[in-house]
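Data first, discussion second: the structure below is written as C-alpha cells.
The values are calculated or read from the model by the stated rules, or taken from the named source; none is laboratory data. What you see is a predicted model, and the numbers here were worked out from it, not measured in a lab. Using ideal geometry, Cβ is built from the backbone for each residue, glycine included, and neighbour counts are taken over all protein chains shown.
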Amino acid sequence: MRLSSVWFGFVDIWALRMAVFSKTSMTEIHGRTFGTWTLLTCTLCVLCARDLQNRSLYLATLLSFVYALGHFVSEFFIFGTMAPKNLLTVGFFAATSIIWMLLDWKRTGHQKAIKQG
C-alpha cells in the first residue's frame, strides 16, 4: 500500500490527492515530496525488518511512524486538508505500527546482547 503512495506521488498526484489530501490543492512538487518521504519510510521499514536487533534503527523506524501520524493529525485538525475517512485510513496503519513496535521494544537488541555475552 505504501509503495503505491510512492507511485502516486511521482506519477499520479491527483490520485494521491483524492486518497489522502482531498480537501486541498496539490502541486507536482508536493506529490514528489510525499513520494520521497514515503519511499524513505519504506526503506526504514525494510532495513528494520532485516535487523530487528538494531535498537537505533528500530527507534528511527518507530519515530517515523510517530512523525507521520503527527503530520496527518495536524493536517486534519489544524490545517483542515484531510477528510475524516482519509485520516482514519492512514491513522489506523500508523497507530497500529506504533503500538506493535512499542509492545516489541523490550525484545529489540536482546539477541545481540546475548550473543556478545
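Worth a mention:
- Qualifying residue in segment 54-75 (condition: assigned to a loop (DSSP other than H, G, I, E, B) and either without any contact (Cβ under 8 Å) to a residue 24 or more places away in the chain or within 21 Å of Ala15 (Cα to Cα) (or both)): no
- Test: residue in segment 58-76 that is modelled with pLDDT of 95 or more, under 26 Å from Gly109 (Cβ atoms) and among the β-branched types (Val, Ile, Thr): yes
- Taken over segment 76-108, the criterion of being surrounded by 14 or more Cβ atoms within 10 Å (Cβ to Cβ), assigned to a loop (DSSP other than H, G, I, E, B) and in contact with a Leu (Cβ under 9 Å, 6 or more places away or on another chain) is satisfied by Thr108 alone.
- Each residue in segment 16-30 was checked for being part of a loop (DSSP other than H, G, I, E, B) and out of contact with any Gly (no Cβ under 7 Å at 6 or more places or on another chain), and 7 pass.
- Residue pairs whose Cβ atoms lie under 8 Å apart, separated by 6 or more positions or on different chains, with the first residue in segment 93-114 and under 23 Å from Tyr67 (Cα atoms) and modelled with pLDDT of 95 or more and the second surrounded by 12 or more Cβ atoms within 10 Å (Cβ to Cβ) and not hydrophobic (A, V, I, L, M, F, W, C), are Met101/Tyr58; Met101/Thr61.
- The single condition among (1) free of Cβ contacts under 8 Å to residues at least 12 places away in the same chain; (2) over 26 Å from Leu16 (Cβ atoms) that Ile78 does not satisfy is (2).
- Filtered by the rule that a residue be closer than 12 Å to Val6 by Cα and either modelled with pLDDT under 90 or in a loop (DSSP other than H, G, I, E, B) (or both), segment 36-52 gives no residues.
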